[in-house]
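Take a look at the structure below.
The values are calculated or read from the model by the stated rules, or taken from the named source; none is laboratory data. Here the structure is a predicted model, which means the values were calculated and not measured. Cβ: placed from backbone, ideal geometry, glycine included. Neighbour counts: every protein chain shown.
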Amino acid sequence: MSKDRCVLSGATKNNMAPANVLDVYRVVPAQMKNVEVHVLPGVRHGYTMHSNTNAFNKNVYDFSMQRALPILGSRSPGRR
């Protein structure tokens, strides 16, 4: 894995990412400098889905897009 990676995950309220999975995520950046990990406290699974009124979080969505879009943009066919 040589390209930049960003892992974004909810923490205490994310039923899809148990604590032991988050613990593994947290140590990855020390071993792989091209990986950043953000464990987002109080965020539910599905927080980026505007239609999910129980989970959507605009502030965390905006943060996530600010981190993810530059990485995704660097992978577009015209930028390889």
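Among the residues of region 21-80, those that are assigned to a helix (DSSP H, G or I), in contact with a Leu (Cβ under 9 Å, 6 or more places away or on another chain) and of a type outside the set (Lys, Arg) comprise VAL60, PHE63, SER64, ALA68.
Of all residue pairs spaced 6 or more apart or on separate chains, those with beta-carbon atoms under 9 Å, a first member in region 31-57 that is charged (D, E, K, R) and a second member that is exposed (fewer than 13 other Cβ atoms within 10 Å of the Cβ) and not in a strand (DSSP E or B) are ARG44/ASN15; ARG44/ASN54. Scanning region 4-42 for residues that are loosely packed, with under 14 Cβ neighbours inside 10 Å and within 18 Å of ASP62 (Cβ to Cβ) yields PRO41, GLY42. Criterion applied to ALA68, ALA11, ALA30, ALA55 was being at pLDDT below 85 and among the hydrophobic types (A, V, I, L, M, F, W, C), and the one residue passing it is ALA11. Restricting the first member to region 59-80 and to residues that are within 20 Å of VAL43 (Cα to Cα), and the second to residues that are exposed (fewer than 10 other Cβ atoms within 10 Å of the Cβ) and modelled with pLDDT under 90, no beta-carbon pair is closer than 9 Å while six or more apart or on different chains.
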